[in-house]
Amino acid sequence: MITWLKSKMAANDLVRDSYAISYYHRQMIKHYGKDSSFALGWRDEESQLIRFKVLAGIGDLNGCTVLDAGCGYADLYRYLTDLYPALRYYYGIEQIPELYDEAVKQYSDLKNTSFMSGSFISKQLPTTDYVFASGSLNYGSQDPEFIFKAITKLYNDCTIGLAFNFLREMPVKGLLVAYDREVILNHCRTLTDKITITDDYVDEDITIYLYH
């Protein structure tokens with residue numbers, strides 16, 4: 001009975017989180033248009049590209065498969081294939097219908113891509129060489145353990161490495177949440193001792209690589 005209640009509460013938390021995140025992005029699209037970086041939660045395109053550059057440094061992705069958790073419009077696919085033209089396969093998962101639909105519209109006809117609709121926390125994900133989470137761990141959650149569960153799940157879904165970023169400072173108030181660096185690192189150390197940290201690219205952000 002207790003286990004069932006915990007599962008039910010966790011499911012309800014995911015529903016509330018999903019609603020809040022979807023509402024936020026719909027408002028951004030309404031006010032700024034779907035082609036604006038604000039629609040994806042970025043201040044500008046440069047801010048997004050700086051983070052992509054750091055994430056993509058996790059390894060040589062030529063010949064590899066990748067999963068993009070919270071892929072948005074799948075802009076990371078375009079960035080990675082420009083940098084690693086022999087990227088073998090890209091999977092994107094996105095829970096916000098408007099963002100998912102745009103990603104599918106732009107890239108689903110390519111032979112080396114596929115997209116899933118839903119939460120990367122609750123969905124069964126394909127096992128890939130690398131997993132990326134760019135900005136998708138920045139949202140507040142009803143579940144205080146969300147970020148730890150997310151990191152663990154995404155790490156377990158890759159065979160070589162996980163690259164993710166998170167906020168250490170709050171650029172704006174609202175749906176976004178910042179985390180203490182050492183708290184996140186302490187959790188990462190329970191998964192692996194092969195950890196690389198990059199924190200010199202923007203003031204409010206940290207990127208971590210976790211390797212198997």
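Just so you know, all these numbers are worked out from the coordinates, no wet-lab data involved. These numbers come from a predicted model, not from an experiment. Here the Cβ is made from the backbone with ideal geometry for all residues, glycine too, and neighbour counts use every protein chain on show.
Is at least one residue of the range 98-112 touching a Cys at 6+ places or on another chain (Cβ under 8 Å) and farther than 25 Å from residue 53 by Cβ?
Looking for residues that are touching a Cys at 6+ places or on another chain (Cβ under 8 Å) and farther than 25 Å from residue 53 by Cβ, one finds none in the range 98-112, hence no.
List, please: which pairs have Cβ atoms under 6 Å, are six or more places apart or on different chains, and start with a residue in the range 54-68 that is at negative phi and in contact (Cβ under 8 Å) with a residue 24 or more places away in the chain and end with one that is crowded, with 23+ Cβ neighbours inside 10 Å and part of a loop (DSSP other than H, G, I, E, B)?
55/134
Among the helices (runs of 4 or more DSSP H) lying completely within the range 93-212, list those that include at least 1 residues that are touching a residue at least 60 places away in the same chain (Cβ under 8 Å) and out of contact with any strand residue (DSSP E or B) (no Cβ under 7 Å at 6 or more places or on another chain).
Answer list for the range 93-212: 97-107, 146-156.
Restricting attention to the range 65-86, report how many residues are surrounded by fewer than 21 Cβ atoms within 10 Å (Cβ to Cβ) and farther than 15 Å from residue 105 by Cα.
Qualifying residue count for the region: 8.
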